[in-house]
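Note sheet for the following structure.
The values are calculated or read from the model by the stated rules, or taken from the named source; none is laboratory data. The model shown is predicted, which means the values in this text are computed figures rather than measured ones. Backbone-built Cβ (ideal geometry, glycine too); neighbour counts: all protein chains shown.
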């Protein structure tokens with residue numbers, strides 16, 4: 001069997017009404033309102049895009065507010081940290097001046113050694129306590145700054161999912 005022997009039936013009719021091999025065929029197609037179909041799809045797409053943009057705008061505003069809050073908290077806690085540093089500096093300066101005053105009153109080498117040993121121990125203990133306070137403040141700054149951002153991002157991401 002070859003292609004010449006195959007007879008295909010179509011609903012095509014010749015344009016000029018003559019059925020010969022040279023005639024152009026006119027195919028019957030159902031009429032579709034292409035503009036109505038694509039117009040509806042475009043409207044649906046635009047509505048979906050608008051809703052998505054509104055969600056993104058709301059999420060962006062929420063994240064911006066969280067960042068503003070985090071920056072505000074960070075500035076407040078950084079000021080607290082700076083104030084603590086100034087307090088520590090004042091305490092250490094006063095301690096050093098007191099030590100120098102005591103050294104000036106020392107009468108013997110043994111007094112100097114005793115004063116130096118006592119001052120060194122007090123300074124080490126004070127520095128340990130001060131470092132603990134500064135570490136606690138630094139952790140508080142980091143936690144209180146990151147928490148609003150973390151909560152906001154989690155809320156936004158859970159809504160988007």
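See the values below:
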{"read-out": "Unique match (being out of contact with any helix residue (DSSP H, G or I) (no Cβ under 8 Å at 6 or more places or on another chain), on the phi < 0 side of the Ramachandran plot, surrounded by 11 or more Cβ atoms within 10 Å (Cβ to Cβ) and modelled with pLDDT of 85 or more) among 83, 93", "value": "83"}
{"read-out": "The range 96-137, residues that are loosely packed, with under 11 Cβ neighbours inside 10 Å and touching a helix residue (DSSP H, G or I) at 6+ places or on another chain (Cβ under 9 Å)", "value": "105"}
{"read-out": "Test: residue in the range 138-147 that is over 25 Å from residue 66 (Cα atoms), touching a helix residue (DSSP H, G or I) at 6+ places or on another chain (Cβ under 8 Å) and in a helix (DSSP H, G or I)", "value": "no"}
{"read-out": "Residues being at pLDDT 90 or above and surrounded by fewer than 12 Cβ atoms within 10 Å (Cβ to Cβ) - total across the range 138-161", "value": "1"}
{"read-out": "Residue that is out of contact with any strand residue (DSSP E or B) (no Cβ under 6 Å at 6 or more places or on another chain), in a helix (DSSP H, G or I), touching a residue at least 24 places away in the same chain (Cβ under 8 Å) and under 18 Å from residue 135 (Cβ atoms), where the choices are 70, 59, 78", "value": "78"}
{"read-out": "Residue within the range 102-109 that is within 20 Å of residue 126 (Cβ to Cβ) and part of a helix (DSSP H, G or I) present", "value": "yes"}
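Per-residue answers, yes or no, for (1) within 19 Å of residue 74 (Cβ to Cβ); (2) over 39 Å from the mean Cα position of the chain (by Cα):
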residue	(1), (2)
107	no, yes
124	no, yes
130	no, no
137	yes, no
141	yes, no
147	yes, no
159	no, no
